[in-house]
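Trainee: Here you go, one structure.
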Amino acid sequence: MSKKHFRTLLTLAAALLLAACVDKTPLSAAQMPYAGYWVGQDGSVIHIWANGGGDFKVQGKSVSGGRAEFARDRLKIALWFIEQEWRITKAPHRTGSVDEMVLDNQVFRRREPPPD
């Protein structure tokens, strides 16, 4: 194995270890409707886990293995110094046969997450 590959693997292992160390609080019963994989009208992706974890891909910024936090009308997903916050315009609700929520006036629809 070359030094370059070794360094890459070491960096990846360190990042995974740090992500695992993020303190997460499981979602409360009131927050459980937010759990799921959500896709916004602009292609943004938010994945909120029942264990309080969260991932996002928004405007060229992404986090995997972060912490999802709810405070009043705000949702924040953060991992160390990278974070994204949204104003909850409308809580998750059913529209026809689709689950939707509105964050910062943008509609997000629940989807099946892509296979790993």
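Trainee: If you scan segment 48-82, which residues turn out to be farther than 15 Å from Pro113 by Cβ, within 10 Å of the chain's Cα centre (by Cα) and open to solvent by 70 Å² or more (accessible area, probe 1.4 Å)?
Mentor: Listed by number, the list holds a single entry, Arg67.
Trainee: If the requirement is being modelled with pLDDT of 95 or more, farther than 15 Å from Val107 by Cα and either out of contact with any Ser or Thr (no Cβ under 9 Å at 6 or more places or on another chain) or open to solvent by less than 30 Å² (accessible area, probe 1.4 Å) (or both), which of these qualifies: Ser28, Ser44?
Mentor: On the way: Ser44 fails: farther than 15 Å from Val107 by Cα.
Checking each option against the conditions leaves just Ser28.
Trainee: All but one of (1) modelled with pLDDT under 95; (2) surrounded by 13 or more Cβ atoms within 10 Å (Cβ to Cβ); (3) basic (Lys, Arg) hold for Arg7, so report the exception by its number.
Mentor: (2)
Trainee: Scan segment 59-85 residue by residue and report those that are of a type in the set (A, V, I, L, M, F, W, C) and within 15 Å of Gln31 (Cα to Cα).
Mentor: Ala68, Phe70, Ala71, Leu75, Ile77
Trainee: Return a yes/no flag: does segment 98-110 have any residue that is in contact with a strand residue (DSSP E or B) (Cβ under 9 Å, 6 or more places away or on another chain), loosely packed, with under 13 Cβ neighbours inside 10 Å and closer than 20 Å to Pro26 by Cα.
Mentor: No; the residues of segment 98-110 include none that is in contact with a strand residue (DSSP E or B) (Cβ under 9 Å, 6 or more places away or on another chain), loosely packed, with under 13 Cβ neighbours inside 10 Å and closer than 20 Å to Pro26 by Cα.
The values are calculated or read from the model by the stated rules, or taken from the named source; none is laboratory data. It should be emphasised that the depicted structure is a prediction, and the values quoted were computed from it without experimental measurement. Note that each Cβ is placed from the backbone with ideal geometry, even for glycine, and that neighbours are counted across all protein chains shown. All accessible areas refer to the heavy atoms of the entire protein, side chains included, with ligands and DNA or RNA removed. Shrake-Rupley method; radii C 1.70, N 1.55, O 1.52, S 1.80 Å.
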